Amino acid sequence: MNYQRELDKLLKKLETKESVPRLLLHSCCAPCSSYVLEYLSAYFSITVFYYNPNISPESEYTKRLFEQQMLIDRLPVKNPVTFAAGHYDSGRFFEMARGLEHMKEGGERCFRCYELRLKETARMAKSAEFDYFTTTLSISPLKKADKINEIGMRAGEECGVPYLVSDFKKKNGYKRSVELSKEYGLYRQDYCGCVFSKEFSKEK
Ligand code: SF4
């Protein structure tokens, strides 16, 4: 599936509607959300959902959380953007990662990590009656958009809320996120988030 083309089609349809739909946007960090917020806030009223129990240590989790809130306060957007933080239940992440600790980034542990976060986002979207949900994750050149979209669509079907397919690295999305991060002086971490990716980044 060409995810960007599918998203373009949906956005075009939304332009003809009078009401602004509500989107729950899972965000991994401020830099990745910057372009996505700039792009999608023209079409949706967005709540950024910071649910990332994968991030270690907790001080890093908190640092990224504050950075996310700071960006939302400063970034000019077309429709309102609000913020919600999920529970930092890191035990859930370690439980999920058991036996997969030594896998390289981009493998099965990461797919389950996407699933953990997307399922929680889908549940939240359903209970708070959002029209759509999605994630910023596909903006990273290191993450596979097909896997993220497959997991997101399945989570959406299970919870009964539409998943917005996307590949945010398209249309120079990643490049724009780097520009916005510079413009807003955002902290850009040098590892994905979990303790295993932190160890791996030290080895490089
Ligand atoms: S490397 Fe990133 S995506 Fe993979 S398990 Fe760790 S935090 Fe999750």
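The values are calculated or read from the model by the stated rules, or taken from the named source; none is laboratory data. Just so you know, these numbers come straight off a predicted model, no measurement behind them. Glycine gets a Cβ as well: all are built from the backbone with ideal geometry, and neighbour counts include every protein chain shown. In case anyone asks, the SASA skips ligands and DNA or RNA and just uses the protein heavy atoms, side chains included. Shrake-Rupley method; radii C 1.70, N 1.55, O 1.52, S 1.80 Å.
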Spot the failing condition for residue 30; the list is (1) out of contact with any Asp or Glu (no Cβ under 7 Å at 6 or more places or on another chain); (2) within 27 Å of residue 67 (Cβ to Cβ), and only one is missed.
-> (1)
Only one of (1) more than 18 Å from residue 43 (Cβ to Cβ); (2) at pLDDT 95 or above; (3) within 16 Å of the ligand (Cβ to nearest atom); (4) not charged (D, E, K, R) fails for residue 160. Which number is that?
-> (3)
The condition of being crowded, with 18+ Cβ neighbours inside 10 Å, at negative phi and polar (S, T, N, Q) holds, among 27, 59, only for 27
Kindly provide the set of residues from region 125-144 that are within 14 Å of the chain's Cα centre (by Cα) and more than 14 Å from the ligand (Cβ to nearest atom), ordered by number.
-> 125, 132, 133, 134
Number of positions in region 180-194 that are open to solvent by less than 20 Å² (accessible area, probe 1.4 Å) and within 16 Å of the ligand (Cβ to nearest atom) | 3
Among the residues listed as 51, 61, 88, the single one being within 16 Å of the ligand (Cβ to nearest atom), among the hydroxyl-bearing types (Ser, Thr, Tyr) and in contact (Cβ under 8 Å) with a residue 40 or more places away in the chain = 51
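From 119, 104, 78, which residue is open to solvent by 50 Å² or more (accessible area, probe 1.4 Å), under 18 Å from residue 137 (Cα atoms) and part of a loop (DSSP other than H, G, I, E, B)? I'd like the intermediate steps shown before the answer.
Numbers: 119 fails: part of a loop (DSSP other than H, G, I, E, B); 78 fails: under 18 Å from residue 137 (Cα atoms).
Result: 104 is the single residue among 119, 104, 78 that is open to solvent by 50 Å² or more (accessible area, probe 1.4 Å), under 18 Å from residue 137 (Cα atoms) and part of a loop (DSSP other than H, G, I, E, B).
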Any idea which residue in region 91-101 is surrounded by the most Cβ atoms within 10 Å (Cβ to Cβ), counting only those that are over 22 Å from residue 62 (Cα atoms) and either touching a residue at least 60 places away in the same chain (Cβ under 8 Å) or more than 10 Å from the ligand (Cβ to nearest atom) (or both)?
-> 101
Pick from 17, 12: which is under 18 Å from residue 134 (Cα atoms), more than 17 Å from the chain's Cα centre (by Cα) and not in a strand (DSSP E or B)?
-> 12
First in region 104-125 and at positive phi, second anywhere and near the ligand (Cβ under 9 Å from one of its atoms), Cβ under 7 Å, 6 or more apart | 106/142
